[in-house]
Amino acid sequence: MFEIVYRYDPEHPQAVSPPRDAAEARRRLEDGNRDFAHVFDGVMQSRKGALRRIVPFDPRDLGVSNGGGEPLKQQPFAVVLGCSDARVPTELVFNQWCNELFVVRVAGNVLGSEVLGSIDYAVTQLGNSVKLLVVLAHSGCGAVTAAVDVFLKPAGYLEFAGSHPLRTIIDRIVVVTRGADRALNRVHGGGVTARPGYRRALIETTVALNGALTAFTLKRELRHRQNSPEGIAVFYGVYDLGSRCVHLPGIGERCGGGPVTRLSEPPAGVEAFDALARTLAASERIAHVLAEP
């Protein structure tokens, strides 16, 4: 048995200071995901007794107070653009509590005017509390899968003919899929499309590149907005549904056979994107996926 207990002691409240800068905010998210990803390992390995995890919290973050009065001030330290997928609960993934993250969720992490407007509001209207902006993609993304299937079988695009909003999502991701396909062909040769795991490899590569492109676009948008505060950094990562880690598939160190939690900076330009695509395509992870039936 495993229990998660939220605990508040009014006599000895455990106040958590907000991050001082973007680097500390990044570390807090990475540490939080590391805790979330590995806390369940003990549950799977243990067959005796009960495991309990204590999560300290302050009910004032929910607007609960003894005196009533003014509503709670909004003070998130990071803005996270995540996917709408129900399997990726953003606050839980980063092990954060209420009023710590400003979360915007949309299928496929695509940037539309409403999404960009929500992020713009957060970084310009919430004062100096916001230190970091993160794009959180995830493995097995349904929107990316749909775009990949349209790329592989264009006739499938007719399924979205009656929905302009859905077509908009697919159209934006298909552009990234073309780049992922080109990288896989350059690294593994023209016969890669006949490999048994090609479709899945294309999906995984597109997921990572799509997250990187969204983060790159947001960084450019912030740079050109006069009201954007200084010091906000932009990072991205891919949440792996299997390992529960946020990282960049196939890139970076590994610990105990599993990925290490890591948020990455977006590529700086065309050449850097091309290098990222080739690195992903050449990774051990993609090679393994290509061989799978």
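Bear in mind that the values in this text are calculations on the coordinates, not laboratory data. Treat the numbers as computed from the prediction; the structure is a model and nothing was measured. Note: ideal-geometry Cβ built from the backbone for every residue, glycine included; neighbour counts use all protein chains shown.
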- Item | Expected 222 nm ellipticity per residue - DSSP helices of 4 or more, -39500 (n - 2.57), all of the chain, to 500 | -13500 deg cm²/dmol
- antiparallel share of DSSP beta bridges within the chain, to nearest 5, in %, is 20 percent
- Message: For a Förster distance of 22 Å, can you work out the FRET efficiency between the beta-carbons of residue 91 and residue 5, rounded to the nearest 0.05?
- Response: 0.85
- Query: If contacts are Cα pairs under 8 angstrom and at least 6 residues apart, what is the relative contact order of region 56-181 in percent?
  - Reply: 26 percent
- Query: Any idea what the relative contact order of the chain is, in percent, if you count C-alpha pairs under 8 Å spaced at least 6 apart?
  - Reply: 20 percent
- Message: Between residue 279 and residue 163, what is 0.36 nm times their sequence separation minus the Cα-Cα distance? Round to one decimal in nm.
- Response: 38.2 nm
- Task: Sticking with the crude label model, points 7 Å out along Cα→Cβ, report the distance from residue 23 to residue 153 in nm, one decimal please.
- Result: 5.1 nm
- Farthest toward the dipole's positive end in the chain, which of 86, 174, 162, given Cβ charges of +1 (Lys, Arg) and -1 (Asp, Glu) about the Cα centre? 174
- What's the Cα-based Rg to Rh of the chain, Rh via Kirkwood? 1.00
